[in-house]
Amino acid sequence: MPRLGINIDHVATLRQARGESYPSLVGAAEMALENGADQITIHLREDRRHIQDTDVIAIALVTRKFGKPLNLEMGAAEDILNIAIEVAPSWICLVPEKREELTTEGGLNLLSDDIFSKLQGVCNQLKEKIKGVKISLFLEAREEILMRALDLRVDAVEIHTGEYATDFLNGEDISGHLSSFQKAKAFLDSKNIACHAGHGLTNKSVLPLLKSGGFEEYNIGHWVVSEAVFLGLARVVKDLRGVFDENC
Ligand code: PXP
């Protein structure tokens with residue numbers, strides 16, 4: 001059974017939009033774990049646009065209470081590394097980060113020697129400073145990139161599914177994506193590196209991946225929070241209507 005990681009960044013996006021204390025990130029993490037999530041995923045971005053440093057500490061406590069992993073997605077910035085070392089999550093997923101992007105737009109470019117050697121240092125530092133931490137790298141499903149991951153101290157690769165998911169939503173041919181995912185998975189299996197997937201997935205676009213038995217772990221966030229609006233809006237409006245009706 002593959003693991004389901006629920007990314008709750010966009011609960012924090014809502015909170016940060018108004019600078020209030022609600023919606024509660026801790027409440028969201030607990031609800032996800034009580035209802036079948038195998039882990040909580042959060043991305044501490046350099047600009048702190050959603051998850052805050054204190055959230056990382058709070059969510060680590062929640063996941064520990066449930067005996068489930070926290071998967072911390074992060075770029076290689078010094079201050080974020082220090083927080084990761086302090087919090088010691090079970091998993092760290094290293095991602096590329098550009099401040100101006102709307103979301104993570106693609107995998108790490110391991111073909112760049114600068115990026116590769118920076119990541120080498122980061123992986124070594126994390127492995128040395130956090131006992132038992134597992135590291136994944138967010139990568140495209142391209143063999144020349146995956147090859148270079150073999151020279152880093154990583155336990156898994158998270159394959160970027162963003163372009164696949166967009167093509168799926170637009171009704172385009174997804175067979176090319178599926179075959180590159182299969183090749184990536186076979187390659188990583190042969191090297192004993194776990195193969196995860198994430199970005200842009202929905203309950204529909206995840207289906208062909210689940211059916212092909214492709215990945216060990218899926219991290220899904222934006223769609224989950226978006227869908228939760230529709231599953232919850234009717235109830236909240238009805239309850240508020242009730243408050244008006246009973247008090248006026
Ligand atoms: N995996 C990685 C590495 C990501 O950067 C993200 C987005 O933060 C996700 C998974 C979740 O993607 P989405 O929110 O589009 O489901």
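For the stretch 89-98, indicate whether the set of residues that are at pLDDT below 95 and more than 10 Å from the ligand (Cβ to nearest atom) is non-empty. Yes, because at least one residue in the stretch 89-98 is at pLDDT below 95 and more than 10 Å from the ligand (Cβ to nearest atom). Exactly one residue out of Asn219, Asn192, Asn247 is away from the ligand (no atom under 16 Å from the Cβ), closer than 30 Å to Ala84 by Cα, modelled with pLDDT of 95 or more and of a type in the set (S, T, N, Q), and it is Asn192. Among the residues of the stretch 2-19, just one is more than 14 Å from the ligand (Cβ to nearest atom) and either in a strand (DSSP E or B) or modelled with pLDDT under 95 (or both), namely Gly19.
One residue is enough: does the stretch 125-147 have a residue meeting the conditions over 20 Å from Gln39 (Cβ atoms) and of a type in the set (Phe, Trp, Tyr)? No, the stretch 125-147 has no match at all. Consider Glu172 carefully, then state whether it is free of Cβ contacts under 8 Å to residues at least 40 places away in the same chain, of a type in the set (Asp, Glu) and not in a loop (DSSP other than H, G, I, E, B). No, not satisfied.
Out of the residues in the stretch 42-57 meeting the condition of being closer than 23 Å to Glu158 by Cα and among the hydrophobic types (A, V, I, L, M, F, W, C), tell me which one is surrounded by the fewest Cβ atoms within 10 Å (Cβ to Cβ). Among those residues, the one meeting the criterion is Val56.
Taking residues in the stretch 22-50 that are over 18 Å from Tyr218 (Cα atoms) and more than 14 Å from the ligand (Cβ to nearest atom), and partners anywhere that are part of a helix (DSSP H, G or I) and of a type in the set (Asp, Glu), the pairs with Cβ atoms closer than 6 Å and at least 6 places apart or on different chains are Leu25/Asp55. Per this entry, Ala184 is counted among residues that are in a helix (DSSP H, G or I), away from the ligand (no atom under 14 Å from the Cβ) and either of a type in the set (A, V, I, L, M, F, W, C) or closer than 23 Å to Asn82 by Cα (or both).
For the stretch 222-234, filtered to residues that are within 13 Å of the ligand (Cβ to nearest atom) and not small (Gly, Ala, Ser), the residue that is nearest to Asp151 (Cα to Cα) is His222.
Does Ala60 satisfy the condition of being crowded, with 19+ Cβ neighbours inside 10 Å, away from the ligand (no atom under 14 Å from the Cβ) and either modelled with pLDDT of 95 or more or more than 17 Å from the chain's Cα centre (by Cα) (or both)? The answer is yes for Ala60.
Quick grid of which residues meet (1) exposed (fewer than 15 other Cβ atoms within 10 Å of the Cβ); (2) under 21 Å from Gly221 (Cβ atoms); (3) not polar (S, T, N, Q):
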site	(1), (2), (3)
Ile83	no, yes, yes
Ser90	no, yes, no
Leu111	yes, no, yes
Val133	no, no, yes
Glu158	no, yes, yes
Thr161	no, yes, no
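For the stretch 7-41, a residue qualifies if it is surrounded by 15 or more Cβ atoms within 10 Å (Cβ to Cβ), under 16 Å from Ser226 (Cα atoms) and of a type in the set (A, V, I, L, M), and the qualifying residues are Ile8, Val11, Ala12, Leu14, Leu25, Ala28, Ala29, Met31, Ala32.
The values are calculated or read from the model by the stated rules, or taken from the named source; none is laboratory data. In this text the structure is predicted, and so the values were computed from the model without any measurement. Backbone-built Cβ (ideal geometry, glycine too); neighbour counts: all protein chains shown.
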